[in-house]
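Below is one structure, written out as structure tokens; comments come after it.
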Amino acid sequence: MANMEIKIPVYQPSLSGNEKKYVNECLDSTWISSKGKFISEFEKGFADYIQIKHATAVCNGTVAIHLALLALGIGPGDEVIVPTLTYIASVNAITYTGATPVFVDSLPDSWQMDIKDAERKITDKTKAIMAVHLYGNACDMDELVEVCNENNLFLVEDCAEAIGTLYKGKHVGTFGNISTFSFFGNKTITCGEGGMVVTNDETLIDRSVHFKGQGLAKHRQYWHDVVGYNYRMTNIAAAIGLAQLEQIETFLQKKSQVAAWYREGLKHPNIQFHEANSDVYHSYWMCSILVNDASLREPLREELAKFGIETRPLFYPVHTMPMYSKNFQKHPVAESLGWRGINLPSYPDLTKDQVFEICNIINQFNF
């Protein structure tokens, strides 16, 4: 990419609420580590927001996925079905447990996992299917729940990119046995770094809390009865997260407006905007487009960069990466999307003029 000064970044957080007030309260109280009132308040607030029984905060979204798999008992000899078109963390977390990721292709319209392909990949070693709600859209959860139930499989939802996304009026993250969220700096709400594990199952939340806190036994001080992990969130991060959660509906409304402006402004016939599935409220974590020819993606990104507009490519399918490409596979839809997709600036404080400036550059590009 051209080394130009960035005028419009691909993402930046909005920190205009109670973030400073709550962080200063942490500093004044000296409760800055993994104990403090903001952790429990953030956990309860988040659970209430998505309407689920239990939530436990962790230090980032990647460990949230690992923790969810540990809570389910996923380990060596098990297989977990996962879309290849996802961020690497979804797959790496499976590998951390010693289980084997089994890749499936994507659907060309929604970009979500191809559930028919997932069904074909089920073996006697399959223990779970991991749904990834990509870029703020959602998988077909009715079909996925049915497949998991029919085959006695766990359902894990990776909702890192889909806070606020609804499937038939119900929050993603509430369909699976256990689900995870991310609060990285570019997510719809952020802690800087942070994550959440959620479930309606009391045993699974107990196991998650146990593993995330070094495997500390409940009723015996400094007695550890499993190999645990230090995956806890700090009170400072939770304070930021709580302040962000207070503003989530505003963020979602603004991001929906940004998407509408892109939809209005993009006029080029060789560009396809990422639209919602039917029955889905798309939270538009990222506003994304496809170019008709993969060879034109990087030239278009270079053209936008000349004007100080930062972009990102879609995720490269994980089965093409060196550590996961030992066994040659073809997932043609995911590969086509991965080579043709661009994430455009998508943060909530973008103005209409900025969005239309981006659209005009794309519309005038020589495809």
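Nothing in this text is a laboratory measurement; each read-out follows from the coordinates by a stated rule. In this text, all values refer to a predicted model and were calculated from it rather than measured experimentally. All Cβ positions, even for glycine, are placed from backbone atoms using ideal geometry, and neighbour counts span all protein chains on display.
Given only helices, namely DSSP H runs of n ≥ 4 each adding -39500 (n - 2.57), what is the per-residue ellipticity at 222 nm of the chain, to the nearest 500 deg cm²/dmol?
Details: 12 runs with 134 residues, N = 367.
So the helix-based figure for the chain works out to -11000 deg cm²/dmol.
Calculate the FRET efficiency for Thr30 and Asn151 from the Cβ-Cβ distance with a Förster distance of 51 Å, rounded to the nearest 0.05.
Taking R0 as 51 Å, the efficiency between Thr30 and Asn151 is 0.50.
Defining a contact as two alpha carbons under 8 Å apart and six or more residues distant in sequence, what relative contact order in percent does the chain show?
Once normalised by length, the contact order is 25 percent.
In the neighborhood of His133, defined by Cβ-to-Cβ distances under 9 Å, what is the net charge if each Lys or Arg adds +1 and each Asp or Glu adds -1?
-3
Could you put Leu296, Leu144 in order, starting from the residue whose Cβ has the fewest other Cβ atoms within 10 Å?
Leu296, Leu144
Along the Cα-to-Cβ line of Ile6, 7 Å from the Cα, sits a label point; which residues in the stretch 329-363 have backbone N less than 18 Å from it?
The answer is 342-351, 354-355, 358, whose backbone nitrogens lie closer than 18 Å to the label point.
Go ahead and set up a Gaussian network model of the chain, Cα springs under 10 Å, then flag whichever of Met323, Met141, Met130 fluctuates most.
Largest GNM mean-square fluctuation: Met323.
Using a 7 Å offset from the Cα along the Cα-to-Cβ direction at both Tyr49 and Asn92, what is the distance between the two label points in nm, to one decimal?
2.5
With the Cα gyration tensor of the chain giving a ≥ b ≥ c as the square roots of its eigenvalues, does the rule (a/c under 1.5 for rounded; else a/b larger than b/c for prolate; else oblate) give rounded, prolate or oblate? Mind dumping the intermediate values first?
Numbers: a/c = 1.92, a/b = 1.24, b/c = 1.56.
Verdict is oblate for the chain.
Could you work out the longest stretch of the chain that avoids the trypsin sites (Lys or Arg not before Pro) located in DSSP loops with at most 13 other Cβ atoms within 10 Å? It would help to have the intermediate numbers written out before the result.
Numbers: sites that count: Lys7, Lys35, Lys53, Lys125, Lys168, Lys218, Arg220, Lys267, Lys326, Lys330.
Excluding the exposed sites themselves, the longest stretch runs over 54-124.
When only C-alpha pairs under 8 Å and at least 6 residues apart count, what is the relative contact order of the stretch 248-364, in percent?
40
Given 0.36 nm per residue, what is the gain on full extension from Met321 to Lys306 after removing their alpha carbon distance, in nm?
2.5 nm
Measuring from centroid to centroid over Cα atoms, what is the spacing of the stretch 250-291 and the stretch 196-231 in Å?
Measuring centre to centre over Cα atoms gives 40 Å.
Between the DSSP loop rule and a limit of at most 14 other Cβ atoms within 10 Å, which GluC sites (Glu not before Pro) in the stretch 120-196 are left?
Sites meeting the loop and neighbour criteria: none at all.
What whole-number distance in Å separates the alpha-carbon centres of the stretch 311-365 and the stretch 104-135?
First find each Cα centre; the distance between them is then 20 Å.
If R₀ is 30 angstrom, what is the calculated FRET efficiency for the pair Ser256 and Glu298, using the beta carbon separation as r and rounding to 0.05?
Once the sixth-power term is evaluated, E becomes 0.55.
Just Leu69, Leu27, Leu350 to compare: in a GNM of the chain, with alpha carbon springs under 10 Å, which one fluctuates most?
Answer for the Gaussian network model of the chain: Leu27.
So which residue, out of Ala138, Ala118, Ala237, gets the largest mean-square fluctuation from a GNM of the chain using Cα contacts under 10 Å as springs?
Of Ala138, Ala118, Ala237, the most mobile in the Gaussian network model is Ala118.
Between Trp223 and Lys125, what is 0.36 nm times their sequence separation minus the Cα-Cα distance? Round to one decimal in nm.
31.9 nm
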